[in-house]
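Novice: Got a structure for you, written out below as structure tokens; questions coming shortly.
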Amino acid sequence: MQLSSKLPNQGITIFSTMSALAQRLNALNLSQGFPDFPAPPDLVEALCEATRNGHNQYVAGDGWLALREQVALQFQQRDQVTLDPLNEITITPGATIGLFAAIQATIHTGDEVIIFDPSYDSYDPAVRVAGGVPVHIALDAPAFKVDWDKVAAQISPRTRMIIVNTPHNPTGTIWSYQDWQQLIALVEQHDLLVLSDEVYEHLIFDGAKHWSALHFPALRERSFVVGSFGKTFHVTGWKTGYCVASAALMQLFRQIYQYANFCGNTPAQIALAQYMQQHPEHIEGLADFYQNKRDLFNAALQNSDFQFTPAQGTYFQTVDYSHIRPDLNDLEMCHVLAQEKGVVAIPISVFYQHAPAHLRLIRFCFAKTEQTLELAAQRLGE
Ligand SMILES: Cc1ncc(COP(=O)(O)O)c(C=O)c1O
């Protein structure tokens, strides 16, 4: 039988590769983005209770209403935007399927989609599967700021969407109010859609503010916003997230999503809704919780020759190792660190379509216990 791949150049993701390496070497895994500490006990208990109470069958395709209401409340309080939980919010099994469905719903053959590199690895393949053309625009280290003139120059009559990710994986940077204003000017001028990946929306440090696409009235009718309860509640394995969009966009989204997944996990949604109602302090304290971890890790790294600017958001710290082993590319450096130091990181070049040749950056995930972070930083500092 003749088989032909729809994504012929796609191998196994670097996250699976590096996590497998960490396991094989029994090394500290600071590569893939997930916590190594437990989920909140009351959340786990709420999940058990939901299953015990018989919530073990399909939930409504668009999600458990009480959870959609919690999402609406969050946007109301933070962004002063009123959402209709019935028609503008869908609970999805993770953010990834939300991103995928939003792209499949709106991107047609030949449509161009602007992606800023380094970029989360699911955007490009999702665009290709839809028949679209990813147009990658590289952000330059160390600031990774968007060059808006460059973006304007890349817009063509086929451009349909711009994908935004703030706070940004892997660089830990966040978009300023001015970035959004620049984006608004372009999308209005060229009538473009925005897909805003905001999975790290609560992980924002040093008193900075997260601006959601939904905060801006000009973007309301042309944006999808995707979030992840996995990141916010330390339960990445529950794969539960959400997508928010105007009713018209959400209708297109649901047409695709209902056949991709129909619905998410029922007891997880019930547990999350209950936990959010009863524990608003979880989200309120999240920025400090992760900022402490960032500071702990970075303070210990000060003893090393790694160079870095503290992450402004997310649970990732990107570091420059050019003063240590400039002869190694970033993948080689990750292998050396894994073998010699027992610490596994992620090379930044994998987040680029065409990585700059002299990129000497790797990413550590600091969603780890203090013990793991101290041990990792101590080994890296040696
Ligand atoms: C930027 C970004 N978007 C989306 C996701 C996926 O989130 P989920 O696990 O909810 O699918 C991740 C997970 O690492 C991410 O870093």
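Novice: So residue 37 clears everything in (1) away from the ligand (no atom under 16 Å from the Cβ); (2) closer than 30 Å to residue 374 by Cα; (3) in a helix (DSSP H, G or I) except one condition, right? Which one?
Specialist: Among (1) away from the ligand (no atom under 16 Å from the Cβ); (2) closer than 30 Å to residue 374 by Cα; (3) in a helix (DSSP H, G or I), the lone unmet condition for residue 37 is (3).
Novice: Cβ-Cβ below 9 Å, separation at least six or inter-chain, first residue in region 329-340 and in the same structural domain as residue 359 (by TED's automatic domain parsing), second assigned to a helix (DSSP H, G or I) and small (Gly, Ala, Ser): which pairs?
Specialist: 329/349; 330/349; 331/349; 338/22
Okay, residues lined up against (1) under 21 Å from residue 294 (Cβ atoms); (2) not small (Gly, Ala, Ser):
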{"position": "338", "(1), (2)": "no, no"}
{"position": "346", "(1), (2)": "yes, yes"}
{"position": "349", "(1), (2)": "no, no"}
{"position": "370", "(1), (2)": "yes, yes"}
{"position": "381", "(1), (2)": "yes, no"}
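Novice: In addition: Looking at 143, 153, which one is among the small types (Gly, Ala, Ser) and within 18 Å of residue 363 (Cα to Cα)? Give the steps one after another, and end with the answer.
Specialist: Values: 153 fails: within 18 Å of residue 363 (Cα to Cα).
Of the residues listed, the single one that is among the small types (Gly, Ala, Ser) and within 18 Å of residue 363 (Cα to Cα) is 143.
Novice: Does residue 235 satisfy being buried (at least 20 other Cβ atoms within 10 Å of the Cβ), within 20 Å of the chain's Cα centre (by Cα), more than 21 Å from residue 46 (Cα to Cα) and β-branched (Val, Ile, Thr)?
Specialist: No.
Novice: Quickly run through region 238-248 and pick out the residues that are more than 14 Å from the ligand (Cβ to nearest atom) and either modelled with pLDDT under 95 or surrounded by fewer than 22 Cβ atoms within 10 Å (Cβ to Cβ) (or both).
Specialist: Scanning region 238-248 gives 246, 247, 248.
Novice: If I go through region 110-129 residue by residue, how many of them are open to solvent by 10 Å² or more (accessible area, probe 1.4 Å) and touching a Lys or Arg at 6+ places or on another chain (Cβ under 7 Å)?
Specialist: 4
Novice: Does region 147-165 contain at least one residue that is of a type outside the set (Lys, Arg), part of a loop (DSSP other than H, G, I, E, B) and within 16 Å of the ligand (Cβ to nearest atom)?
Specialist: The answer is no, given that none of the residues of region 147-165 is of a type outside the set (Lys, Arg), part of a loop (DSSP other than H, G, I, E, B) and within 16 Å of the ligand (Cβ to nearest atom).
Novice: So how many residues does region 243-274 have that are touching an Asp or Glu at 6+ places or on another chain (Cβ under 7 Å) and outside any helix (DSSP H, G or I)?
Specialist: Residues meeting the conditions: 3.
Novice: For region 308-327, which residues satisfy the criterion of being open to solvent by 20 Å² or more (accessible area, probe 1.4 Å) and either farther than 16 Å from residue 205 by Cα or among the β-branched types (Val, Ile, Thr) (or both)?
Specialist: So the first thing to find is which residues in region 308-327 are open to solvent by 20 Å² or more (accessible area, probe 1.4 Å), and the list is 308-310, 312, 320, 322-327.
If the condition is that a residue be open to solvent by 20 Å² or more (accessible area, probe 1.4 Å) and either farther than 16 Å from residue 205 by Cα or among the β-branched types (Val, Ile, Thr) (or both), then 309, 320, 322, 323, 324, 325, 326, 327 are the ones that fit.
Novice: May I pose another question? Quick one: how many residues across region 1-20 are open to solvent by less than 80 Å² (accessible area, probe 1.4 Å) and among the hydrophobic types (A, V, I, L, M, F, W, C)?
Specialist: Total satisfying the criteria: 5.
Novice: Against the condition farther than 22 Å from residue 259 by Cα, part of a helix (DSSP H, G or I) and at pLDDT 95 or above, how does residue 17 come out, does it pass?
Specialist: Considered against the rule, which asks whether it is farther than 22 Å from residue 259 by Cα, part of a helix (DSSP H, G or I) and at pLDDT 95 or above, residue 17 comes out as no.
Novice: Continuing with this model, one more query. So if I check each of 75, 37, which one is touching a residue at least 12 places away in the same chain (Cβ under 8 Å) and surrounded by 14 or more Cβ atoms within 10 Å (Cβ to Cβ)?
Specialist: Values: 37 fails: surrounded by 14 or more Cβ atoms within 10 Å (Cβ to Cβ).
Step by step, each of 75, 37 is checked, and only 75 is touching a residue at least 12 places away in the same chain (Cβ under 8 Å) and surrounded by 14 or more Cβ atoms within 10 Å (Cβ to Cβ).
Novice: Would you call residue 326 touching a Lys or Arg at 6+ places or on another chain (Cβ under 8 Å) and in a loop (DSSP other than H, G, I, E, B)?
Specialist: Yes.
Novice: Kindly indicate the residue of region 94-109 that is open to solvent by 20 Å² or more (accessible area, probe 1.4 Å) and over 14 Å from the mean Cα position of the chain (by Cα) and also farthest from the ligand (Cβ to nearest atom) among those meeting that condition.
Specialist: Just the residues of region 94-109 that are open to solvent by 20 Å² or more (accessible area, probe 1.4 Å), to begin with: 96-97, 100, 104, 108-109.
Checking the rest, the ones that are also over 14 Å from the mean Cα position of the chain (by Cα) come to 104, 108-109.
Details: 104: 15, 108: 23, 109: 25 Å.
The residue in question is 109.
Novice: Further question: Out of (1) in contact (Cβ under 8 Å) with a residue 60 or more places away in the chain; (2) away from the ligand (no atom under 16 Å from the Cβ); (3) within 25 Å of residue 290 (Cα to Cα), the odd one out for residue 138 is which?
Specialist: The single condition residue 138 does not satisfy is (3).
Novice: I would also like to ask the following. Could you check region 275-306 and list, in sequence order, the residues that are closer than 30 Å to residue 337 by Cα, outside any loop (DSSP other than H, G, I, E, B) and of a type in the set (S, T, N, Q)?
Specialist: 291, 292, 298
The values are calculated or read from the model by the stated rules, or taken from the named source; none is laboratory data. It should be emphasised that the depicted structure is a prediction, and the values quoted were computed from it without experimental measurement. Reconstructed Cβ throughout: ideal geometry from the backbone, glycine too, with neighbour counts over all protein chains shown. Heads up: the accessible areas ignore ligands, DNA and RNA and are worked out on the full protein's heavy atoms, side chains in. Shrake-Rupley method; radii C 1.70, N 1.55, O 1.52, S 1.80 Å.
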